[in-house]
Amino acid sequence: MIAKVLNWLFGNSEPIETTSYIAVICASLVILSAGILGYTALFDLFNSIGLFHPALAIFFPLLFDFAEITAAVIVLNAKLQDEDDALAWKAVLLFTALGIIANIAHVLYAYFDGRINAGQGVLAVFATTLFPISVALVTHLLKSVIARQIARNKAVKTLNALLKEIFEKRTESTQLDEQMAHQKREIIDKQAEIEQLHEELAQLNTAVEQLKAMHQKAQTGELAASKAEQQAYQLDGLLAAGKTLTAACEMIGISPNTARKRLQMLNGQGLSQERRS
């Protein structure tokens with residue numbers, strides 16, 4: 001049976017929250033019981049005054065009970081708001097003291113009225129003073145429970161803030177890693193472009209060197225000799241194809257005398273003379 005009750009209390013919620021709920025419920029029962037028990041003594045005390053209508057006696061104990069409960073609630077609310085509860089706590093102590101004084105006055109009145117003896121008076125003082133004191137003690141205990149709950153909530157908020165900051169830092173680190181990887185890829189691409197530009201530059205340098213070499217050949221007559229050899233081979237091909245010398249000369253664009261010189265070059269004659277000319 002006890003195991004079932006404990007499982008019902010703690011099975012579906014956090015133990016700290018469950019015990020806090022139990023403390024609040026028990027404290028409410030204590031305050032209610034103290035109010036009911038103290039009500040009779042204060043009601044009888046008010047009627048004993050004899051100055052007011054008896055029907056008004058119901059409001060006298062309610063005045064003490066609600067005033068003390070209101071002050072206690074304000075204390076708890078101030079603690080929940082993390083505000084100063086000194087004034088409200090002083091009010092709780094004040095009405096607790098007034099309740100004790102009222103209960104003692106009621107006992108003394110009953111003793112002198114002959115309704116109780118000295119022994120009963122001592123017991124009555126002990127019993128009736130417990131009512132307001134229990135309200136003050138329960139208020140103090142609930143205040144401690146709330147203070148601990150606030151401290152736990154602050155610790156949880158701090159932990160959540162730290163976890164959030166860690167997550168943000170990890171996200172930033174991941175983004176930085178991605179940016180670094182992207183920059184590395186860009187660097188590799190730029191290096192490939194630079195290598196390609198170097199190759200193109202090398203090709204341009206080679207082309208420039210070739211142009212320089214051709215220019216030097218042109219200046220020394222080698223280029224002219226190469227052109228003369230080309231014309232000689234063209235002329236030989238046309239003659240072999242059945243063309244006449246005159247027709248071949250017109251097609252190549254040279255004179256018959258030049259054509260004869262080109263043919264002599266093919267036979268190994270006049271090449272050195274052509275180069276000198």
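So here's what we get for this one:
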| item | result |
| --- | --- |
| Residues located in segment 58-68, provided they are at pLDDT 80 or above and within 22 Å of residue 97 (Cβ to Cβ) | 59, 60, 61, 62, 63, 66, 67 |
| Residue in segment 98-112 that is farthest from residue 135 (Cα to Cα), counting only those that are surrounded by fewer than 18 Cβ atoms within 10 Å (Cβ to Cβ) and touching a residue at least 24 places away in the same chain (Cβ under 8 Å) | 109 |
| Any hit, segment 124-141, residues being of a type in the set (Gly, Ala, Ser) and touching a Ser or Thr at 6+ places or on another chain (Cβ under 6 Å) | yes |
| Segment 125-150, residues that are at pLDDT below 80, surrounded by fewer than 15 Cβ atoms within 10 Å (Cβ to Cβ) and hydrophobic (A, V, I, L, M, F, W, C) | 147, 150 |
| Counted residues, segment 77-96 - those being in contact (Cβ under 8 Å) with a residue 24 or more places away in the chain and either surrounded by fewer than 19 Cβ atoms within 10 Å (Cβ to Cβ) or on the phi > 0 side of the Ramachandran plot (or both) | 4 |
| Inter-residue pairs, beta-carbon under 6 Å, first part of a loop (DSSP other than H, G, I, E, B) and in segment 236-254, second among the aromatic types (Phe, Trp, Tyr) and modelled with pLDDT of 80 or more, 6+ apart | none |
| Residue in segment 55-66 that is within 23 Å of residue 116 (Cβ to Cβ), more than 53 Å from the chain's Cα centre (by Cα) and not aliphatic (A, V, I, L, M) present | yes |
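Residues checked against (1) within 30 Å of residue 103 (Cα to Cα); (2) more than 40 Å from the chain's Cα centre (by Cα); (3) of a type in the set (A, V, I, L, M):
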site	(1), (2), (3)
129	yes, yes, no
135	yes, yes, yes
148	no, no, no
151	no, no, yes
157	no, no, no
167	no, no, no
173	no, no, no
189	no, no, no
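The values are calculated or read from the model by the stated rules, or taken from the named source; none is laboratory data. What you are looking at is a predicted structure, and each value in this text was computed from that prediction instead of being measured. Quick reminder, even Gly has a Cβ in these numbers, built from the backbone with ideal geometry, and neighbours come from all protein chains shown.
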